[in-house]
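First comes the structure, then the notes that go with it.
The values are calculated or read from the model by the stated rules, or taken from the named source; none is laboratory data. Bear in mind that the values here come from a model prediction, so they are computed numbers and not experimental data. Because the Cβ atoms are built from the backbone with ideal geometry, glycine has one as well, and the counts that use them run over all protein chains shown. Note: areas computed on protein heavy atoms with side chains; ligands, DNA, RNA excluded. Shrake-Rupley method; radii C 1.70, N 1.55, O 1.52, S 1.80 Å.
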Amino acid sequence: MLQLPEIRALTTLSRDGWLLFATRMVRLFAYGFLAVVLGLYLAEIGLSDTQIGLLLSVTLFGDALISLPITIIADRFGRRRMLMIGAALMIFAGVVFALTGNIALLTITAIIGTISPTGNEVGPFLAIEQAALPQTTTDNQRTQVFAWYSLFGSVTTGLGSLAGGVLAVSLQSSGYTPLDSYRAVIIGYALLGVVLMILFLRLSPAIEAEKLGAPPTLKSLFGLHRSRKIVFRLSLLFMLDAFAGGLVVQSLVALWFNRRFGVDTAVIGTIYLGANLFAGLSALAAARVAARYGLINTMVFTHAPSNLLLILVPLMPNLPLAVLVLLIRFSISQMDVPTRQSYTVAVVDPAERSAANGVTSLARTVGSAISPSLTGVLFNMGALSVPFFLAGGLKLVYDFLLYRSFITVKPPEER
């Protein structure tokens, strides 16, 4: 019986590969669960739009500062150990955010802890897991596995967004205040961090990197040596893309839907369930497209149309049309994600994968950390549409520069 390549890729996964899929799903469910109410929660405790944007920026900066050293040393001191530390930081952040509305304590926790205002990956998890995933499958199935990894994450992010929104509305219908209902969601985020820690405990030593030689030196900046040049070039481009994406993070887009159309969290959660489902399916389709046209071509020529659609979202005159354009956008917007992940680990030295992922993730996080504060200021000025225009335009610039710089740099399977 002829087996589809997507299904065949899953059959190559080891037990550790399936566990990494499970940790991805729990984590992304938690991120979606939190992100749909986080902006509303911060507004409910009395923060202005400008303060909310600034706090979200600080949160992402803090994730970057904590994540970089963890990912740099992960291959040497143990990937499982570093993943456990990341889970502990996630639990810590959830507990503190739920217990206090003090802006100073929230800011400190945002710097130290791991919390996602975007609904997407933050912290050291993604970089380390991406470094380990190629060891749980074959080179020929690597891109397909990354596509499934993105699909599982996208679907569970959407389910988390729906669950967070429905829980908040249900609690409010039962007599709880909006503040208490949002706080319950944040407590749930911390509990999911505990589940994540338990799953990391079950990973085997097979996910660890091969033992390296001498400790990193100044010549191996950020744990990189042979791959340093290409990683830094990719990082600059990824930073531009992430800065643009940070202008329209999920928490702020949820706030935009609430301000523009007056919809509640349950409706917002449903919108993001559909959006993430389409995004996940597009990620799975990306592997087939990449096998035929190449990773860079797939990254660029699927990403550019999605950015044009992003610009159109705020131009829609009513909620149904705005949601429709957003869903169409998500149906192709994530095709660059598994291809980007697969491309990065393919063109760097295998012994430097965690470090390479850590540096590129740092670049993306720093880029996305700057922009929410700008969106907060624009929202405060009443310029609700401007972040969408800026995000779409800058992402188009990124697509052009990525194609121009890397179309000739081929991964092993394309040479």
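Just a few scattered comments:
- Distance between the pseudo-spin-label points of TYR403 and ALA88 (7 Å out from Cα toward the beta carbon): 4.7 nm.
- Alpha-carbon spread of the range 1-91, three principal axes, descending order, Å: 60, 36, 18
- The residues of the chain expose, per residue, 38 Å² of accessible area to a 1.4 Å probe.
- Once the convex hull of all Cα atoms in the chain is built, its volume per residue stands at 133 Å³.
- Each helix, a run of at least 4 DSSP H residues, gives -39500 (n - 2.57); summed and divided by the residues of the chain, these come to -26000 deg cm²/dmol at 222 nm.
- The heavy atoms of LEU20 offer some 0 square angstrom of accessible surface to a 1.4 angstrom probe.
- The residues LYS229, LYS410, LYS395, sorted by heavy-atom accessible surface at 1.4 Å with ligands and nucleic acids left out, run LYS229, LYS410, LYS395 from largest to smallest.
- Distance between the range 392-411 and the range 360-374 - C-alpha centres, whole angstrom: 18 Å
- Whole-percent carbon and sulfur share, accessible surface of the chain, 1.4 Å: 68 percent
- Structural descriptor for the chain: relative contact order 28 percent, calculated from alpha carbon pairs under 8 angstrom and at least 6 residues apart.
- Compactness of the range 72-221 was expressed as the Cα radius of gyration divided by 2.2 N^0.38 Å, which yields 1.25.
- The orientation-averaged projected area of the convex hull spanned by the Cα atoms of the range 232-338 comes to 6.8 nm².
- For the pair ALA291 and LYS229 in one chain, pulling the backbone fully straight at 0.36 nm per residue adds 19.7 nm over the alpha carbon distance.
- Restricting the calculation to Cα atoms, the range 86-149 yields a radius of gyration followed by a Dmax of 16.1, 51 Å.
- Helix axis angle, 295-312 relative to the chain longest principal axis, alpha carbon, degrees: 10 degrees
- The range 337-415: C-alpha pair distances exceeding 22 Å, %: 41 percent
- Percentage of interatomic Cα-Cα distances in the range 343-387 larger than 18 Å: 50 percent
- Build a GNM of the chain with springs between Cα atoms under 10 Å apart, and of ILE45, ILE72, ILE311 the one that fluctuates most is ILE45.
- In degrees, nearest ten, helix 386-406 long axis to first principal axis of the chain (Cα): 10 degrees
- In the chain, the longest principal axis of the Cα atoms and the axis of helix 49-77 are about 20 degrees apart.
- Counting Cα-Cα pairs of the range 159-299 in 5 Å increments starting at 0 gives whole-percent bin shares of 2, 7, 9, 11, 13, 14, 15, 12, 8, 5, 3, 1, 0.
- Extension gain for the segment ILE370 to ASP349, taken as residue separation times 0.36 nm less the Cα-Cα distance, is 4.5 nm to one decimal.
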